[in-house]
1. How about segment 2-31: which of its residues are near the ligand (Cβ under 8 Å from one of its atoms), assigned to a loop (DSSP other than H, G, I, E, B) and not polar (S, T, N, Q)?
2. Could you tell me whether segment 66-73 includes any residue that is touching a residue at least 12 places away in the same chain (Cβ under 8 Å), more than 10 Å from the ligand (Cβ to nearest atom) and either of a type in the set (Ser, Thr, Tyr) or surrounded by 13 or more Cβ atoms within 10 Å (Cβ to Cβ) (or both)?
3. Condition first: more than 10 Å from the ligand (Cβ to nearest atom), assigned to a loop (DSSP other than H, G, I, E, B) and more than 10 Å from the chain's Cα centre (by Cα). Now tell me which residues in segment 32-46 satisfy that.
4. How many of the residues in segment 55-76 are among the aliphatic types (A, V, I, L, M) and either part of a loop (DSSP other than H, G, I, E, B) or more than 13 Å from Ile8 (Cβ to Cβ) (or both)?
5. Is at least one residue of segment 22-45 out of contact with any strand residue (DSSP E or B) (no Cβ under 6 Å at 6 or more places or on another chain), surrounded by fewer than 16 Cβ atoms within 10 Å (Cβ to Cβ) and basic (Lys, Arg)?
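Just so it is clear, none of the values below were taken in a lab; they were calculated from the coordinates. Computed from a prediction, not measured in an experiment: that's the story for all the values here. Don't worry about glycine lacking a Cβ; one is built from the backbone with ideal geometry, like all the others, and counts go over all protein chains shown.
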Amino acid sequence: MPKYRVRIDPRDNCISDMVCVSICPDVFEMSPDDNKVQIIEKWREGGDIATGIVGEDLKGCVEEAANACPVQIIHVEEVEG
Ligand code: SF4
């Protein structure tokens, strides 16, 4: 099964409108520390709050969130191998 890397970059540009959270709450949440979006802990890659790896089942919602983000900081790419 293919996997997908989701990156929030540059995370500092997040305007905290929660569009991605409303579209894909299984992957995105707001950080209580700085009120910007972060990847939910169970998907994080190497503990990075701005990078995660998700399966095919979440591909549709992360891509929809990426397309809807008004500042276009969500990036989705297939992971090789
Ligand atoms: S949609 Fe974009 S700007 Fe809005 S909360 Fe998500 S990452 Fe931040």
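1. Cys14, Ile15, Asp17, Met18, listed by residue number.
2. no
3. Correct list: Pro32, Asp33, Asp34, Gly46.
4. Within segment 55-76, residues that are among the aliphatic types (A, V, I, L, M) and either part of a loop (DSSP other than H, G, I, E, B) or more than 13 Å from Ile8 (Cβ to Cβ) (or both) number 4.
5. yes
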